[in-house]
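Data block below; observations after.
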Amino acid sequence: MPILEPLFAAEAMQRRCDELARQIDETYGNETVVLIGVLKGSYQFLSDLSRRLHCGVEIDFVQLSSYGAEKSSSGVVQIRKDHDINIEGRHVLVVEDIVDTGLTLAHLCELLQTRRPASLRVVAMLSKPAARTHEALLDFVGFEIGNEFVVGYGLDHAESYRNLPYIAVLKD
Ligand code: 5GP
């Protein structure tokens with residue numbers, strides 16, 4: 001049976017969203033920002049973060065190939081769902097759930113840059129700096145964690161646990 005070891009309580013996630021929203025508001029001021037959430041893992045984070053923002057906000061999503069039921073990346077990134085909003089000349093903030101090797105984010109940012117946004121920034125709920133093999137520039141980070149497999153607050157293992165309001169380490 002898998003064991004869930006709590007890492008960040010629901011309240012800690014909410015408090016961190018408050019702080020990140022303040023930083024993001026300071027960055028964009030009176031500008032409008034297009035939030036591009038990376039499905040499915042960022043859904044809780046994007047929802048909590050976006051409700052705290054006072055700058056203008058538009059919301060869109062992309063979906064990239066995921067780990068499926070595995071706990072490690074296949075190394076291949078594919079776009080399953082593209083964003084709908086035209087981002088040319090717009091301020092774009094990618095909302096990521098977790099940055100591990102950085103492969104997914106590096107690929108996504110490269111693609112988005114070809115669409116000529118006025119600016120492109122990234123907010124990641126979690127980052128695993130020790131796992132990085134690809135350069136991934138993060139403008140805002142919720143929490144840095146070690147090389148552990150985590151679930152909850154949007155993050156899954158084989159589609160389970162996304163609904164948890166807290167983050168836990170999944171142990172076999
Ligand atoms: P990367 O391309 O940075 O190696 O992987 C990013 C993606 O891998 C994330 O968007 C997420 O879907 C998945 N991922 C990486 N680490 C974890 C983890 O600890 N837990 C879960 N649930 N997914 C992870």
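Mind listing whichever residues of segment 1-38 are touching a Lys or Arg at 6+ places or on another chain (Cβ under 7 Å), under 29 Å from Gly89 (Cβ atoms) and among the aliphatic types (A, V, I, L, M)? Walk me through it before giving the result.
First, the residues of segment 1-38 that are touching a Lys or Arg at 6+ places or on another chain (Cβ under 7 Å): 2-3, 5, 17-18, 21, 34.
Then keep just the ones that are under 29 Å from Gly89 (Cβ atoms); that gives 17, 21, 34.
Selection gives Ala21, Val34.
Before we move on, is Leu46 buried (at least 19 other Cβ atoms within 10 Å of the Cβ) and not hydroxyl-bearing (Ser, Thr, Tyr)?
Yes; evaluated as a whole, the condition is true for this residue.
From Leu120, Leu53, Leu39, which residue is within 16 Å of the ligand (Cβ to nearest atom) and within 17 Å of the chain's Cα centre (by Cα)?
Testing whether each residue is within 16 Å of the ligand (Cβ to nearest atom) and within 17 Å of the chain's Cα centre (by Cα) leaves just Leu39.
I'd like to check which strands (runs of 3 or more DSSP E) are fully inside segment 56-172 and have at least 3 residues that are out of contact with any helix residue (DSSP H, G or I) (no Cβ under 9 Å at 6 or more places or on another chain), of a type outside the set (Asp, Glu) and in contact (Cβ under 8 Å) with a residue 40 or more places away in the chain.
In segment 56-172, 167-171 are the strands (runs of 3 or more DSSP E) which contain 3 or more residues that are out of contact with any helix residue (DSSP H, G or I) (no Cβ under 9 Å at 6 or more places or on another chain), of a type outside the set (Asp, Glu) and in contact (Cβ under 8 Å) with a residue 40 or more places away in the chain.
Just give me the residues in segment 131-170 being over 27 Å from Arg90 (Cα atoms), at pLDDT below 95 and either more than 13 Å from the ligand (Cβ to nearest atom) or open to solvent by 70 Å² or more (accessible area, probe 1.4 Å) (or both), in sequence order.
Selection gives Thr133 alone.
Quick one: how many residues across segment 83-127 are open to solvent by less than 40 Å² (accessible area, probe 1.4 Å), of a type outside the set (A, V, I, L, M, F, W, C) and touching a Ser or Thr at 6+ places or on another chain (Cβ under 8 Å)?
Qualifying residue count for the region: 5.
The values are calculated or read from the model by the stated rules, or taken from the named source; none is laboratory data. In this text, all values refer to a predicted model and were calculated from it rather than measured experimentally. Note that we place each Cβ from the backbone using ideal geometry, even for glycine, and neighbour counts take in every protein chain shown. Note: areas computed on protein heavy atoms with side chains; ligands, DNA, RNA excluded. Shrake-Rupley method; radii C 1.70, N 1.55, O 1.52, S 1.80 Å.
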